[in-house]
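Contents: one structure, followed by commentary.
The values are calculated or read from the model by the stated rules, or taken from the named source; none is laboratory data. Not measured: the values here are computed from a predicted model. Because the Cβ atoms are built from the backbone with ideal geometry, glycine has one as well, and the counts that use them run over all protein chains shown. All accessible areas refer to the heavy atoms of the entire protein, side chains included, with ligands and DNA or RNA removed. Shrake-Rupley method; radii C 1.70, N 1.55, O 1.52, S 1.80 Å.
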Amino acid sequence: MDFCSNEELNRISPSTKITAKATGNTFTPSPSENDWYETVKINYCNFHTSTWDKMAEIIRFWASKGVDGFRCDMVELVPSEFFQWLIPTMKQEFPDLIFIAEVYVKDLYRKYIEEVGFDYLYDKSGLYDSLRSIVEHQNSARAITSNWQFLGDLQPRMLNFLENHDEQRFASDFFGKDAYRSFAALYVSLFLNTSAFMLYFGEEVGEKGMDHEGFSGRDGRTTIFDWWSVKSLRDLYASIQKGKYTKSTDKVFKKYTKAMQLAASSKAVQEGSTYDLCWCNNESNGFNPDKHFAFLRHTEEETLLFVANFSYEPATIHINIPSHVFEHLGINDDKALKEGKTVKVQVDGFDGLSMQL
């Protein structure tokens, strides 16, 4: 954190009026008992101060140890000039080093990619918030389309996720309540575009984050303040050590494993173009545009169809793929180029599926 003058902070973040000077947070001189006491404010505000050099030295130390990327917390509260200097300076020494920014104001996404130089941004205020609101039935699945349309050419520079240390675990009582309900959101977040995807530890085995651990309490998050371990991972490691988990029938672990393997092996997922099929399926048999989402991923080698069902109920859906979609994607299929194609799929509630077209 920084402890610039109030005038400088207002330039960085117009919502800031009065700031604490040592700890707590940047927005108020009277932090609550649950505030940011693990942070200490650092003065970044004067151009190229010794603070800048010290921070660069910390990055240099860890990069020399093999750390290949850094997540920069709340970058909107640090002068962007610092990162404009730091990132290219470090990349001169470590060309493959990755910098990820936590940015909450969507209108600033382009600035932090194109002007400041970050490699990736957490798309928390975009895709994550959209998916959470859809899962909680507070929003329509149409919000997914709205989000990628807003991002445009910035999509490949986003970091998608369903969980991180700030957010409540999907399976917690405060969010999805059951890890089995995460699959629809997973298939969109992981497969929709070429954005990077972050898997948070224990997510793949349905960690609930409902322990009453130390400082943070029972809040659906996994503590970052206390020495703690989570039962789901303890059980996983114990099973692996006993040689029993390779034949596990656990649906969450198997589904995540299969999805990650597809993401790692499919060129259509890694490099392919995306075609959102929702606009041409609003009237399709079984398709509910508020609960269902369908899209294609395509390369010359393969075309994959993905369908996500955000409803509690299983669905039988006839996905319409018009002829001009095949033309647009350059798919060489004479019959489809003339007539289009309809694919019948069956998707369980809160599930996702993929299939070769």
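In terms of the Cα gyration tensor, with a ≥ b ≥ c the square roots of its eigenvalues, is the chain rounded because a/c is under 1.5, prolate because a/b exceeds b/c, or oblate?
Numbers: a/c = 1.91, a/b = 1.52, b/c = 1.26.
Verdict is prolate for the chain.
Applying 1/(1 + (r/R0)^6) with R0 = 41 Å to the Cβ-Cβ distance of His165 and Asn285, what FRET efficiency is obtained, to the nearest 0.05?
0.45
Apply the a/c threshold of 1.5 to the C-alpha gyration tensor of the range 45-148 and tell me whether it is rounded, prolate or oblate.
prolate
Go ahead and run the numbers for FRET between Tyr104 and Lys344, Cβ-Cβ distance against an R0 of 41 Å, rounding to 0.05.
0.50
Just list whichever of Lys177/Lys231; Lys54/Lys106; Lys177/Lys291 have alpha carbons separated by over 20 Å in the model shown.
The pairs that break the limit, which is 20 Å between Cα atoms, are Lys54/Lys106.
Quickly rank 140-151, 40-51 as a protection proxy: mean count of other C-beta atoms within 10 Å, highest first.
Put in order of decreasing packing, that is 140-151, 40-51.
Rounded to the nearest percent, how much of the accessible area of the chain (1.4 Å probe, protein heavy atoms only) is carbon and sulfur?
51 percent
I'd like the orientation of helix 231-241 relative to the chain: the angle between its Cα long axis and the longest Cα principal axis, in ° from 0 to 90, rounded to 10.
Tilt of helix 231-241: around 70 degrees.
What does the convex hull of the alpha-carbon atoms of the range 195-287 project to on average, in nm²?
Value for the range 195-287: 9.8 nm².
Round to the nearest 10 and give me the degree value, 0 to 90, for the angle of helix 142-151's Cα axis relative to the longest principal axis of the chain.
50 degrees
Counting each pair of different Cα atoms once, what's the Kirkwood radius of the range 28-71 in Å, rounded to one decimal?
With all distinct Cα pairs of the range 28-71 included, I get 13.0 Å.
For the chain, what does -39500 (n - 2.57) per DSSP helix run (n ≥ 4), summed and divided by total residues, give at 222 nm, in deg cm²/dmol to the nearest 500?
For the chain, the value works out to -8500 deg cm²/dmol.
Would you mind working out the accessible area per residue for the chain, using a 1.4 Å probe, and quoting it in Å²? Don't skip to the end; give the middle numbers.
Numbers: 17790 Å² over 357 residues.
I get 50 Å² per residue for the chain.
Given the chain, what percent of its DSSP beta bridges are antiparallel, to the nearest 5?
70 percent
For Asp123, what is the net charge nearby, where nearby means another residue's Cβ is under 10 Å from its Cβ and Lys, Arg count +1, Asp, Glu -1?
Computed value for this residue: +2.
Please state the shape class of the range 182-244: rounded when a/c is under 1.5, otherwise prolate if a/b exceeds b/c and oblate if not, all from the C-alpha gyration tensor.
Details: a/c = 2.48, a/b = 1.32, b/c = 1.89.
Judged from the Cα gyration tensor, the range 182-244 comes out oblate (a/c at least 1.5, b/c at or above a/b).
Give me the percent relative contact order of the chain, please, defined on Cα pairs under 8 angstrom at least 6 residues apart.
11 percent
Any chance you could check the Cα centroid distance between the range 247-319 and the range 102-179 for me, in angstrom?
The range 247-319 and the range 102-179 have Cα centres separated by 18 Å.
Once you place label points 7 Å from the Cα toward the Cβ at Ser265 and Glu93, how far apart are they in nm?
It works out to 4.1 nm between the two label points.
Using alpha carbons only, what's the Rg to Rh ratio of the range 307-357 with Rh from Kirkwood? Numbers along the way, then the final one.
On the way: Rg = 13.0 Å, Rh = 12.0 Å.
Radius of gyration over Kirkwood radius for the range 307-357 works out to 1.08.
Return one number: the angle in degrees, 0 to 90 and rounded to the nearest 10, between the long axis of the Cα atoms of helix 251-265 and the longest principal axis of the Cα atoms of the chain.
90 degrees
What's the longest bit of the chain with no exposed GluC sites (Glu not before Pro), using DSSP loop states and at most 16 other Cβ atoms within 10 Å as the test?
137-282
Which of the chymotrypsin sites (Phe, Trp or Tyr not before Pro) across the range 173-271 are loop residues per DSSP, with 10 or fewer other Cβ within 10 Å?
Within the range 173-271, the qualifying chymotrypsin sites (Phe, Trp or Tyr not before Pro) (loop, at most 10 other Cβ atoms within 10 Å) are Trp227.
So if we plug the beta-carbon distance of Gln356 and Glu33 into 1/(1 + (r/R0)^6) with R0 = 41 Å, what FRET efficiency do we get, rounded to 0.05?
On the way: r = 55 Å, r/R0 = 1.34.
After rounding, the FRET efficiency stands at 0.15.
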